[in-house]
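The values are calculated or read from the model by the stated rules, or taken from the named source; none is laboratory data. Small disclaimer: the values here were computed from a predicted structure and weren't measured. Don't worry about glycine lacking a Cβ; one is built from the backbone with ideal geometry, like all the others, and counts go over all protein chains shown.
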Amino acid sequence: MRPPWRDSDRGTGFPTLEQRMQDVRAVLDAVGSQKTVLFGSSEDGVMCMLFAASYPEHTAALVLHGAYARGLRSPNYPWGRTREELEEELLAIEREWDRPLDLSRAAPSLIDNMVEREWFAGYLHNSASPADAISLWRWSVEIDRVRYPSRDPSSDPDDVFVFCSMSITDSIEDSAFSSSKALT
């Protein structure tokens, strides 16, 4: 018998970073904001960096928490996951979806706290189906395909220059995302 949550796959895909950025711009325009401070956590930090690079005249500051510059490892970004690590994580999501969440990377101090692990697993289960969770995880790790705008056509497309006040934070225990990964 097929578990009932498997029938709830939305399969609608996810908005691109550019679409998310345009949504933020539309809201800011609707309320008459000239400059704003953006807060981004995890992959939303990438969207905030893209917004700041695309619209520096509308960005007063960035606050990034647990953000990263790329999801996958590359020669100039050794902090990312390997393709093999990504595939292992995706298999684990499918295999362990109905179990308490493994928090060993994001919150090691909670590894033995079954109440927290079950609560967070329930939160995720109520937010997405396994297929949607896998799609979102893949999307968030493969996020490095974004190309930031450059004011200098001769510059390397991997070079990102964001000129605004910035605060980068992370959890001491968060081994998945640390502030060193946000800047390269």
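Just a few scattered comments:
- Summed over segment 23-47, residues that are surrounded by 13 or more Cβ atoms within 10 Å (Cβ to Cβ), at pLDDT 90 or above and assigned to a helix (DSSP H, G or I) total 3.
- Residue within segment 52-59 that is within 23 Å of Ser135 (Cα to Cα) and not acidic (Asp, Glu) present: no
- Qualifying residue in segment 134-155 (condition: farther than 27 Å from Gln19 by Cβ, surrounded by 13 or more Cβ atoms within 10 Å (Cβ to Cβ), at pLDDT 55 or above and aromatic (Phe, Trp, Tyr)): no
- Residues located in segment 56-78, provided they are surrounded by fewer than 16 Cβ atoms within 10 Å (Cβ to Cβ) and either in a loop (DSSP other than H, G, I, E, B) or within 17 Å of the chain's Cα centre (by Cα) (or both): Pro75, Asn76, Pro78
- Extreme residue, modelled with the lowest pLDDT, among residues of segment 79-101 that are part of a loop (DSSP other than H, G, I, E, B) and surrounded by 14 or more Cβ atoms within 10 Å (Cβ to Cβ): Leu101
- Exactly one residue out of Ser41, Ser54 is without any contact (Cβ under 8 Å) to a residue 60 or more places away in the chain and closer than 28 Å to Gln22 by Cα: that is Ser41.
- Counting the residues of segment 104-133 that are at pLDDT below 85 and in contact with a Lys or Arg (Cβ under 6 Å, 6 or more places away or on another chain) gives 0.
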